[in-house]
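What follows is a single structure, written as structure tokens, with notes after it.
The values are calculated or read from the model by the stated rules, or taken from the named source; none is laboratory data. Just so we're clear, the structure is a prediction, and the values are computed from it rather than from any experiment. Quick reminder, even Gly has a Cβ in these numbers, built from the backbone with ideal geometry, and neighbours come from all protein chains shown.
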Amino acid sequence: MEFGDYRVEILATQNFGLDGGAMFGVVPRVLWSKVMLPDDQNRIRMTTNCVYIEAGDERIIVDTGMGDKWTDKLRAIYNVAETPTLNGQLENRIGIMPEDITIVVNTHLHFDHCGGNTRRDERGGIVPAFPNARYMVSRREYEHARNPFERDRASYMSENWEAIAKSGQLELCDDDYEIVSGLTMETVTGHNQTMQCMRLTRDGRTLFNFVDLAPTRFHVQPAWLMGYDLYPVETLANKKRLLPQAAREDWLCVFMHDPDAPLYRVVETEGKLKAFVIEEGEA
């Protein structure tokens with residue numbers, strides 16, 4: 001879509017599966033299974049909706065998804081599908097190559113958001129997937145990723161950022177910062193202390209990526225929180241702050257892991273929030 005003088009594409013890449021109970025926390029299975037049917041291992045279908053933005057001379061990717069460096073064991077655990085990769089989507093849908101990307105932004109460094117930062121070369125070594133890009137992440141998130149808690153250690157895989165730090169492409173940023181005019185990252189505590197959400201504002205319109213604050217459209221209900229959240233009380237407070245604002249101001253909303261559609265509007269009716277898909281051409 002055209003967003004002011006910028007071009008925006010939402011690229012759905014790589015379906016995978018996570019435990020439904022973990023994705024909905026204390027919400028009983030009898031409720032969440034009505035909206036997201038689990039498989040025989042209790043996994044629900046997920047995807048990674050990455051955001052591509054053309055802003056002047058900059059070609060920007062916000063989050064890079066699961067990547068393709070998976071072992072057979074981990075591929076089976078997370079039910080990683082052989083669906084189009086981010087690079088495949090960039091080439092087939094937009095017509096650009098990895099060398100054309102100038103900026104990669106990581107909202108945080110969990111493997112399902114930065115796995116595509118790097119790839120294996122012909123000799124099996126790990127190298128940056130976007131050789132000419134600046135890679136941006138918050139300094140505090142990077143420091144935490146290198147020294148995670150026992151509870152979230154499995155979410156961080158150093159193969160997704162070590163090669164970038166070694167190549168000199170990694171830029172450590174503030175808790176809140178601007179990438180290009182109107183495109184900002186802001187730290188929103190809850191999922192962890194240092195995850196950032198993306199906000200793009202042009203010509204009075206706002207596109208907001210809720211990342212893991214509300215990973216699917218079903219998480220717009222404030223009390224539907226993930227078991228993965230390290231600070232659920234703060235997740236709840238930030239959802240109650242941002243989602244009603246999204247409804248009032250008619251934001252275009254990206255729910256990062258929603259498997260059915262990449263873009264929604266949030267509507268508040270009689271005190272309840274619901275998300276409605278935005279069809280192509282409506283944005």
Can you say whether Ile179 is over 24 Å from Met46 (Cβ atoms), in contact (Cβ under 8 Å) with a residue 12 or more places away in the chain and outside any strand (DSSP E or B), as far as the supplied structure shows?
no
Within the stretch 102-122, how many residues turn out to be outside any strand (DSSP E or B), surrounded by 21 or more Cβ atoms within 10 Å (Cβ to Cβ) and either in contact with a Pro (Cβ under 8 Å, 6 or more places away or on another chain) or of a type in the set (Ser, Thr, Tyr) (or both)?
2
Flagged in the stretch 230-240 as without any contact (Cβ under 8 Å) to a residue 60 or more places away in the chain and outside any helix (DSSP H, G or I), in numbering order, are Tyr231
Could you check how many residues of the stretch 51-109 are in contact with a Gly (Cβ under 6 Å, 6 or more places away or on another chain) and within 30 Å of Asp174 (Cβ to Cβ)?
5
Condition (residue is more than 17 Å from the chain's Cα centre (by Cα) and on the phi > 0 side of the Ramachandran plot) applied to the stretch 173-183: is it met by at least one residue?
yes
Among residues of the stretch 205-229 being part of a loop (DSSP other than H, G, I, E, B) and in contact with a Lys or Arg (Cβ under 7 Å, 6 or more places away or on another chain), the residue surrounded by the most Cβ atoms within 10 Å (Cβ to Cβ) is Ala214
Go through the stretch 97-121 and give me each residue that's at pLDDT 95 or above, of a type in the set (Asp, Glu) and over 28 Å from Gly56 (Cα atoms).
Asp112
For the stretch 241-250, does any single residue satisfy the condition of being in contact with a strand residue (DSSP E or B) (Cβ under 9 Å, 6 or more places away or on another chain), assigned to a loop (DSSP other than H, G, I, E, B) and crowded, with 19+ Cβ neighbours inside 10 Å?
no
How about the stretch 83-121: which of its residues are closer than 19 Å to Thr71 by Cβ and free of Cβ contacts under 8 Å to residues at least 40 places away in the same chain?
Asp121
For the stretch 1-96, give me every one of the helices (runs of 4 or more DSSP H) that falls completely inside it and has 1 or more residues that are at pLDDT below 95 and either surrounded by 15 or more Cβ atoms within 10 Å (Cβ to Cβ) or of a type in the set (Asp, Glu) (or both).
72-77, 86-89
